1. Condition first: open to solvent by 20 Å² or more (accessible area, probe 1.4 Å) and free of Cβ contacts under 8 Å to residues at least 40 places away in the same chain. Now tell me which residues in the stretch 45-67 satisfy that.
2. Taking the stretch 124-175, which residues are in a loop (DSSP other than H, G, I, E, B), open to solvent by less than 50 Å² (accessible area, probe 1.4 Å) and small (Gly, Ala, Ser)?
3. Does at least one position in the stretch 99-109 carry a residue that is touching a Cys at 6+ places or on another chain (Cβ under 6 Å) and open to solvent by less than 20 Å² (accessible area, probe 1.4 Å)?
4. What is the one condition in (1) in contact (Cβ under 8 Å) with a residue 60 or more places away in the chain; (2) of a type in the set (Gly, Ala, Ser); (3) open to solvent by less than 80 Å² (accessible area, probe 1.4 Å) that ALA204 does not satisfy?
5. Of everything in the stretch 180-201 that's open to solvent by less than 40 Å² (accessible area, probe 1.4 Å) and assigned to a helix (DSSP H, G or I), which residue is farthest from GLN41 (Cα to Cα)?
6. Residues in the stretch 1-19 that are open to solvent by 80 Å² or more (accessible area, probe 1.4 Å) and either of a type in the set (D, E, K, R) or at pLDDT 85 or above (or both): how many?
7. Give the stretch 114-123 a look and list any residue that's out of contact with any Cys (no Cβ under 8 Å at 6 or more places or on another chain), assigned to a loop (DSSP other than H, G, I, E, B) and touching a residue at least 24 places away in the same chain (Cβ under 8 Å), or say none.
Amino acid sequence: MGQARQRKLMAKKIESLDRQWLLSLSSKERAIVDVACRIHQRIVLEGGMWGGCYHLSFFLKRYLKRERNIDVDVVVGWVSEDSWTGVASHCWVEFEGRKIDMALSCTENPQVLPTGGFILLDRVLLQGMADYRYHREVPEQAEETLIQLALAPETAEESRQAHRQHRQMAAIAADDQAMDTYLSERTGGRDYRTLALLAVLPLA
């Protein structure tokens, strides 16, 4: 099944969110669900953004704080899945310890990097091709694989760049002003205001 068709099917599923679950949420939780669903549908599914985990997580955090006065946490960590022994740097958002992940449901090449779920407050709304596990630190079983990638001549430079980016994104995630600067400097329609307009999110 092509990725475009997958996106259409996922968009339809989002429209049929479990009403009982929504009614059980607090007003803050419903606001988070509303904003995250708009971002996911308009920017990820319809816009086809892939590889945007840092970007979308920073945007969600800053939008919720600036426009809805809701505090959430950005986590720059790692994900793993059963098709390989390593981990990949990844970014997601948490509210009271529950995950919100809008990025893994769209990847550049699902045959190489399988899609993951669209997760809202730990609830998997859309299932991906892989069941990813989330880690704040590199798990022990993946350390050897990362060492091998860092030492092999054909992957050493890519490994260094990936770890450098991970450290840079973790530093930005720890500083609200740095996130604002990051989002204001993006080009190609990825700045804060344009993302809000694309997701049909009101601005004060």
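The values are calculated or read from the model by the stated rules, or taken from the named source; none is laboratory data. Note that the coordinates shown come from a computational prediction; the quantities given were computed from them, not determined experimentally. Please note: Cβ atoms are built from the backbone with ideal geometry, for glycine as well, and neighbour counts cover all protein chains shown. Calculation scope for accessible area: heavy atoms of the full protein, side chains included, ligands and nucleic acids excluded. Shrake-Rupley method; radii C 1.70, N 1.55, O 1.52, S 1.80 Å.
1. Scanning the stretch 45-67 gives a single hit, GLU46.
2. Selection gives GLY128, ALA130, ALA152.
3. The answer is yes; a qualifying residue exists.
4. Going through (1) in contact (Cβ under 8 Å) with a residue 60 or more places away in the chain; (2) of a type in the set (Gly, Ala, Ser); (3) open to solvent by less than 80 Å² (accessible area, probe 1.4 Å) one by one, ALA204 breaks only (3).
5. Per the stated criteria, the residue is TYR182.
6. 6
7. PRO114, GLY116, LEU121, ASP122, listed by residue number.
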